[in-house]
Amino acid sequence: MSVEHATQSVDMALYDDTSYIPVLGLHEFRKTQQAGREEFLYNELHGERHIDKPHKHDFFIINLFESAKGVHNIDFHDYPIGNKQVHVLFPGQVHTWSIKPRTTGYQLMIQQQFFERFAPSLRFSFSNYMNHPVIPLTNDNFNLLKYEFDAIRDELNSPNSVQEVISARAAVIAAIISKEAENIFTDLKVFQSNPRLAKFNMLIDKFYKQEKLVGFYASKLHISANYLNILCKNHLHVSATKLIQQRVLLEAKRLLQTTDLSIKEIAFELGFVDHAYFSNFFKSQAGITPTQFREG
């Protein structure tokens, strides 16, 4: 069994706010670990790997690929796997992957409480990393990350490993990732220059289940619904309503793929008044019915 087969702005709890969704815990990977402590595991990825059934984790993962080909599906979006990349996965994100032979990679699995110790070194909003989880690396920064991964492995294998050393090296890793990420966070400048849009994004994550009308969010931002819509269209090229709908659709897909809840129960969980309304919403957004998505 492979390692993965055993598998703020934004508050991380928002991404695992439905406790009945089955998730894989860190303890399920201890038998295959190559180095580890209770709160931190190191593994290596060699050769062909497949995850066919979408699942979540309740911990943070950093995958460093040295040479690899394949596809990593994160929150229902396909990302090509390539040489010298880092893939970041937050608790609650849904993923599968198909990795081709002759792959070489390295993996850190980090308990959420321990992750919070060095999380400030991820310089941008968690939502930025979640929206752009695959980050290409320069040769120099790949080598720097590989050095830190090796150092963490050696420290974990030490009979007297020191948590503070591991935490410090993890912070260096997070800082290097952030340095590279700045090049691909194309929407970062939009949110930096438009704090209302950044706040709107955070409010959606907090209230999308209960509130689906633009007016609610506009009132929280002390602007009109029309002005909020203009901001979104001018800077993000989508309507304010569409941003809310995209978040609802993402969670609907997560629930359909990772739970045995009925369509009716999912509709209720997401704040829809009835099953038919939810099904119509899903089909209009995804192009297929919830049942077709679940069975596909």
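The values are calculated or read from the model by the stated rules, or taken from the named source; none is laboratory data. The structure displayed is predicted, hence computed values, not measured ones. Ideal geometry is used to build each Cβ from the backbone, glycine not excepted, and the neighbour counts take in all protein chains shown. We work out accessible area using only protein heavy atoms, side chains counted, and drop any ligands, DNA or RNA first. Shrake-Rupley method; radii C 1.70, N 1.55, O 1.52, S 1.80 Å.
Below are the figures for this structure:
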{"item": "Label-point separation, GLU38 to VAL162 (7 Å along Cα→Cβ), nm", "result": "2.0"}
{"item": "Segment 115-243: relative contact order as a whole-number percent, Cα under 8 Å and 6+ apart", "result": "23"}
{"item": "Pairs beyond 32 Å (Cα-Cα), from LYS56/LYS209; LYS69/LYS264; LYS84/LYS253", "result": "LYS69/LYS264"}
{"item": "Per-pair calculated FRET efficiency, R0 = 45 Å: ASN143 and ASP260 via Cβ, rounded to 0.05", "result": "0.50"}
{"item": "Heavy-atom SASA rank of HIS77, HIS132 (probe 1.4 Å, accessible area, largest first)", "result": "HIS77, HIS132"}
{"item": "Estimated vicinal HN-Hα couplings, Hz - segment 205-211 in sequence order (Karplus 6.51, -1.76, 1.60; Gly, Pro = x)", "result": "4, 7, 10, 4, 6, 8, 10"}
{"item": "Estimated inter-spin distance, HIS27 and VAL238, nm [label 7 Å along Cα→Cβ]", "result": "3.8"}
{"item": "Rounded if a/c under 1.5, otherwise prolate or oblate - segment 143-231, Cα gyration tensor axes", "result": "prolate"}
{"item": "Amide H contacts under 5 Å for GLY70, placed H, 5+ residues apart", "result": "ILE81, LYS100"}
{"item": "Selection from HIS57, LEU256, PRO91 lying farthest towards where the dipole of the chain points positive, charges on Cβ", "result": "LEU256"}
{"item": "Cα centre as origin, Lys/Arg/Asp/Glu Cβ charges: segment 23-185 dipole, Debye", "result": "280"}
{"item": "Shape parameters for the chain, alpha-carbon atoms, Rg then Dmax in Å", "result": "19.9, 62"}
{"item": "Pairs of Cα atoms farther than 23 Å apart, segment 23-185, %", "result": "32"}
{"item": "For LYS56, residues with placed amide H under 5 Å, excluding near neighbours", "result": "LEU24"}
{"item": "Rounded accessible area of VAL94 (nearest 10 Å², 1.4 Å probe)", "result": "0"}
{"item": "For segment 223-239, 3J(HN,Hα) per residue [Karplus equation, 6.51 cos²θ - 1.76 cosθ + 1.60, θ = phi - 60°, Hz, x = Gly/Pro]", "result": "9, 7, 4, 5, 5, 4, 5, 5, 4, 5, 5, 6, 9, 10, 6, 9, 6"}
{"item": "Segment 115-156-segment 70-113 distance, computed between alpha-carbon centres (Å)", "result": "13"}
{"item": "Calculated over segment 194-295: convex hull of Cα atoms, volume per residue (Å³)", "result": "94"}
{"item": "Extension gain (nm, one decimal) between GLN285 and LEU213, 0.36 nm per residue minus Cα-Cα", "result": "24.3 nm"}
